[in-house]
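Reading through the structure tokens given below for one structure.
The values are calculated or read from the model by the stated rules, or taken from the named source; none is laboratory data. Since we're looking at a predicted model, the values are computed, not measured. Positions of Cβ are backbone-derived with ideal geometry, glycine not excepted, and every protein chain shown enters the neighbour counts. The accessibility values were calculated without ligands, DNA or RNA, using every heavy atom of the protein model including side chains. Shrake-Rupley method; radii C 1.70, N 1.55, O 1.52, S 1.80 Å.
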Amino acid sequence: MEVSWNKSFFEIDQDLLAPLYAKAPVDFVKGKGSYLIDAEGEKYLDFVSGIAVNSLGHAFEPIVKAIREQSLKFNHLSNLYPSEAQLKLAEALLENTPFDKAFFCNSGTEANEAAIKFARKYFNRNGEAERVEIITFFNSFHGRTFGALSATGQPSLREGFGSMPGDFVHIAWNDVEALQKKVHSKTCAILLEPMVAEGGILSLAPEMVKAINEAREKHACLVIADEIQTGMGRLGSLFAFEKYGLNVDLLTMAKALGAGLPLGACLMRQKIADQLKPGDHGTTFGGNPIACAAGLAALEVIREKDFLNTVQERSEQLQKGLQKLLQKYDFLGEIRGDGLLLGVTSDRAVADLIASAREEKLLILRAGANVLRLLPPLNVSEQEVQEALEKLDKTFAKHV
Ligand SMILES: Cc1ncc(COP(=O)(O)O)c(C=O)c1O
């Protein structure tokens with residue numbers, strides 16, 4: 001196909017790429033800090049952050065430096081040899097969590113595939129091959145590959161794709177009674193997002209935390225926390241399971257882990273690693289050295305004293321401002337979320353609000369059917385939060 005480069009990227013995208021995304025008609029050419037800049041030089045305040053990926057904003061100097069330095073050594077090594085960049089990042093992750101071993105991959109869905117396989121293999125090698133059933137939740141989102149899609153609590157996403165891997169049991173979010181009914185001595189694992197993100201920004205009730213911890217003890221099943229969106233400081237703590245007191249055996253992460261480069265990981269307790277052998281699982285690109293070097297540079301920033309306190313402060317500032325907007329616009333319902341994963345429910349079509357915000361040069365996104373989601377970079381400034389609130393005010397005023 002001949003491409004006319006006089007057209008916008010948006011138009012060329014329609015011509016060349018599979019129609020899998022409802023893309024916005026805007027051509028970004030670069031980013032700096034909390035802003036993206038389009039082909040006309042217009043600056044947009046980026047409260048999408050590449051869907052919780054660019055957690056330190058764009059072109060952040062320590063990340064640029066780490067990428068450059070690693071790329072001068074090598075871009076890729078393969079998992080045939082130990083990689084210093086992987087080891088440094090594994091050390092930093094394991095030092096800051098109660099886990100003992102790390103597995104690196106490239107994305108969120110792969111991290112969940114790995115966790116599901118490791119959980120089942122753990123019981124299989126432990127002489128309990130029948131323990132394969134995994135409890136997951138409606139409204140959850142765990143990824144697009146078959147295992148993670150089967151775990152995902154949104155049946156419509158599975159439509160038309162034929163048979164799915166079995167032994168996933170879905171229960172309603174925060175339904176303690178259903179959990180108690182469904183977990184038994186043959187349950188392999190409970191898989192959950194400590195805050196449902198894509199599915200509408202739904203908090204985990206403290207009684208559910210208690211019920212999951214009790215089920216884990218009583219039935220000796222594993223708990224897998226999917227922190228692909230909530231991890232790496234997004235909720236104001238390095239990981240959300242710690243903040244909410246959830247006891248976890250396998251932790252999956254991706255998105256912000258590689259600071260903009262594709263990287264996922266599954267951390268595990270020693271007893272699970274003890275049941276894994278070479279050849280059980282693997283990946284060509286997983287744990288790419290440049291992605292790991294970028295990830296380590298990001299983690300060092302997030303671990304700096306007061307960084308996460310500042311995330312919490314920005315969260316409070318944003319929530320206070322949103323509260324005022326809620327009083328002003330009666331089509332807004334409630335504020336959801338924690339840290340810098342925040343949402344506002346709305347009676348107005350979310351897609352229209354997102355488009356209006358874009359006209360105001362503010363980028364925001366959706367969660368579930370009726371929630372506007374805000375995912376600013378974690379190092380967003382006080383002034384930028386104020387600017388976003390003013391832009392939201394102007395956006396909502398257009399929909400009264
Ligand atoms: C909680 C959660 N799990 C898994 C995924 C899938 O991650 P990826 O798109 O990197 O495969 C996502 C992506 O939005 C997510 O939010």
Quick check for you: with a 1.4 Å probe and neighbouring chains kept, what is the accessible area per residue of the chain, in Å²?
46
Taking a straight Cα-to-Cα line shorter than 28 Å from K121, and setting aside same-chain lysines fewer than 8 residues away, one finds K88, K101, K181, K182, K186, K210, K218, K255, K271, K277
Distance between modelled label sites at K43 and Q319, nm, 7 Å Cα→Cβ extension:
2.9
Rounded to the nearest 500 deg cm²/dmol, what is the calculated helix-only ellipticity per residue at 222 nm for the chain, with -39500 (n - 2.57) per DSSP H run of length n ≥ 4?
-11500 deg cm²/dmol
Tilt, helix 206-219 to longest principal axis of the chain (alpha-carbon atoms), in degrees rounded to tens, equals 20
Label-point gap, in nm, between L72 and F285 - each point 7 angstrom along Cα→Cβ
2.6
Work out, step by step, the length gained on full extension between E61 and D167: first 0.36 nm times the residue separation, then minus their alpha carbon distance; give nm to one decimal.
33.6 nm
Taking springs between alpha-carbon atoms closer than 10 angstrom, which of S34, S71, S315 fluctuates most in the Gaussian network model of the chain?
S71
Report, in degrees rounded to the nearest 10, the 0 to 90 angle that the Cα long axis of helix 84-95 makes with the longest principal axis of the chain.
80
Can you tell me the order of 50-56, 380-386 when each peptide is scored by its average per-residue count of other Cβ atoms within 10 angstrom, highest first?
50-56, 380-386
For the range 74-302, what % of the accessible area comes from carbon and sulfur atoms, probe 1.4 Å?
53
Percentage relative contact order, the range 282-400, counting C-alpha pairs under 8 Å, at least six apart:
24
What residues have an amide H closer than 5 Å to that of E193, excluding those fewer than 5 places away on the same chain, when H is modeled at 1.01 Å from N in the peptide plane?
D226
Net charge near G333 (other residues with Cβ under 12 Å of its Cβ; Lys, Arg +1; Asp, Glu -1) is -1
With only Lys, Arg, Asp and Glu charged, each at its Cβ (+1 for the first two, -1 for the last two), find how big the charge dipole of the chain is about the Cα centre; round to the nearest 20 debye.
560
Starting from the Cα of N6, step 7 Å along the direction of its Cβ; do the same at D274; then give the gap between the two resulting points in nm.
7.0
Relative contact order for the chain: what is it in percent, counting Cα pairs under 8 Å that are at least 6 residues apart?
21
The range 74-302, relative contact order [Cα under 8 Å, separation at least 6], %:
30
Quickly rank 132-143, 361-372, 203-214, 221-232 as a protection proxy: mean count of other C-beta atoms within 10 Å, highest first.
221-232, 132-143, 361-372, 203-214
